[in-house]
1. Can you sort CYS59, CYS132, CYS170 from fewest to most other Cβ atoms within 10 Å of each residue's own Cβ?
2. Starting from one equal scatterer on each C-alpha and no solvent at all, send me the Debye-based log10 I(q)/I(0) for segment 267-343 at q = 0.24 Å⁻¹, two decimals.
3. Binned at 10 Å from 0, what are the whole-percent values of the Cα-Cα distance distribution for segment 72-118, short to long?
4. What order, most packed first, do the peptides 210-216, 93-99 have when packing is the mean number of other Cβ atoms within 10 Å of each residue?
5. Once both labels are modelled 7 Å past Cα along the beta-carbon direction, what's the ASP93-HIS252 spacing in nm?
6. Along the charge dipole of segment 2-143, Cβ charges K/R +1 and D/E -1, which of TYR8, VAL96, VAL55 sits furthest on the positive end?
7. Counting other C-beta atoms within 10 Å, and keeping those with at most 10, which DSSP coil trypsin sites (Lys or Arg not before Pro) do you find in segment 295-371?
8. Expressed as cubic angstrom per residue, what is the convex hull volume of the alpha carbon set of segment 1-73?
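Derivation of every value follows stated rules applied to the coordinates shown; laboratory data play no part. Not measured: the values here are computed from a predicted model. Cβ placement follows ideal geometry from the backbone for every residue including glycine, while neighbour counts extend to all protein chains displayed.
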Amino acid sequence: TAAQKGGYPSFMAKEIHEQAGAIADTLLGRLVDGKLHLDEKAIDDSVLRSVDKIVVVACGTAANAGAVVKYAIEHWCRIPVEVELAHEFRYRDPVVTEKTLVVAISQSGETMDTLMAVRHAQEQGAKVIAICNTRGSTIPREADAALYLYVGPEIAVASTKAYLGQIAACYLLGLYLAQVRGNLFPDEIAQIMEDLHALPEKIQQVLDASAQVEDLAKDMKDATSVLFLGRHVGYPTAMEGALKLKEIAYIHAEGFAAGELKHGPIALIEEGQPVFVIVPSPRGRDVLHSKVISNIQEVRARGARTLVIAEEGDDEVLPYADVVIRIPQTRTLFAALLTVIPLQIFACELATAKGLDVDQPRNLAKSVTVE
Ligand code: G6P
């Protein structure tokens, strides 16, 4: 009903606008006396110290969250992280041992494909930690440990606040592993946590500036194809931006690793093709930023209309951007929790402008409980 939507035209719009609070709640109370605590954890620290590989299994949006988290956990913990669609993992004879930690990400905790992957991993002796939003659901019940998001119930079929919550919860898991395994010093963890805690305010800033993207979406409601490019955590963000547009606006959309462009997808670029580009922080790692700037130039030179998501103060994008969407400054890894928001808003507004049922897209279910 209208009242449940809290004045928003759809549950999806409402849930997008709840994201600052959702992330604040997910992060709440984790750092006690300088030490990180995950209270739902029931896997012994000695087991976590012996882990030699992490495999993230998930489907849909949760799999895109997993793809973001790989960058963080490998960076902080120096453990190889594989991210695999749960149904592919289950039926390909994966290498899993007692030293494998499986991280199963599922908003509902009921996705059958993910559950089957969890059971398969456990049969081979792996420990499983579930990252879920729904307390007491099947996947966290069967897993060896569970870490919950605190984003509240998600009603819209297209996942938004759970996606951010999944990333935040997995960042906590990564920091916990780094703490237990001694990869990061306590003061480093405290500093990273401080930056994490600064995110809800930055998320709110992005939401407060949503009018620009809403207007863009209305203008583009007749688009038939939209591409999304990014590197590093911007790559899974591009995938998620494309998925949202497919799911609810029924527009053909694809996300690419920006570096892969010249190996094929650039052939798609013709005059007027809209291309979102997610630009990493210019203050971040080595040459990442300049590589993405080159990619914007490449598509623009071939006629693309460039819709650029870049940090405040990044003026290097200006000569190549038809539209610049600003996000507040943060760590390279944490930008994943900000840059996706304009893409969520874009899909939501565009679908609304097309007169579609944003919350109940055709052919999709909120939770897929069959294989
Ligand atoms: C369905 C939904 C998606 C969701 C996916 C995984 O396909 O339509 O929005 O991302 O399932 O759901 P889960 O509950 O496991 O996160």
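1. Details: CYS59 20, CYS132 31, CYS170 25.
Listing CYS59, CYS132, CYS170 from fewest to most nearby Cβ atoms yields CYS59, CYS170, CYS132.
2. Treating every Cα as an identical point scatterer, log10 I(q)/I(0) equals -1.10.
3. Whole-percent P(r) values from 0 Å outward: 22, 52, 25, 1.
4. Ranking, from highest mean packing down: 210-216, 93-99.
5. For ASP93 paired with HIS252, the spin-label model returns 3.7 nm.
6. TYR8
7. Here the sparse-neighbourhood loop sites are ARG362.
8. On the way: hull volume 11.9 nm³, N = 73.
Enclosed volume per residue, from the Cα hull, is 163 Å³.
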